[in-house]
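Working notes for the structure below.
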């Protein structure tokens, strides 16, 4: 199903993370909110550090710091491992359309329940149903 603009914003804001791989950490330090991890040589190739950033603006600040110190870097945008990923971004489905469908289904169920309640309040209908049931029981 096609994603709406709201779906794409949710993914960008809450699910995607920017990973920046570098050989060394800038001497001036990194902006607050950047998480630095050492990476095994076999997995990362030439890079030794992975800086994980969840916000795009913060990622731009980190990249500016790296450019100022003339540090080689590579960026990757990945899906973070969060408990809410399946709720916000179900595979092959749109979050917005899913909740719109749930809303209309809920309205339909409530309307059907209210209609059954109103039919139960109709005395003539209830006596007719009771008579029909008694006739069916008597015939068996």
Would you confirm whether or not segment 3-21 contains a residue that is assigned to a loop (DSSP other than H, G, I, E, B) and more than 26 Å from the chain's Cα centre (by Cα)? no
Taking segment 92-140 and the residues there that are farther than 30 Å from residue 6 by Cα and outside any helix (DSSP H, G or I), the one that is modelled with the highest pLDDT would be 122
Here are the criteria: (1) in contact with a strand residue (DSSP E or B) (Cβ under 8 Å, 6 or more places away or on another chain); (2) closer than 30 Å to residue 2 by Cβ. Tell me which single one residue 58 does not satisfy. (1)
Is it the case that residue 101 is outside the structural domain of residue 13 (by TED's automatic domain parsing), under 44 Å from the mean Cα position of the chain (by Cα) and over 30 Å from residue 56 (Cβ atoms)? yes
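The values are calculated or read from the model by the stated rules, or taken from the named source; none is laboratory data. Note that the coordinates shown come from a computational prediction; the quantities given were computed from them, not determined experimentally. FYI the Cβ positions are ideal-geometry reconstructions off the backbone, even for glycines, and counts take in every protein chain you see.
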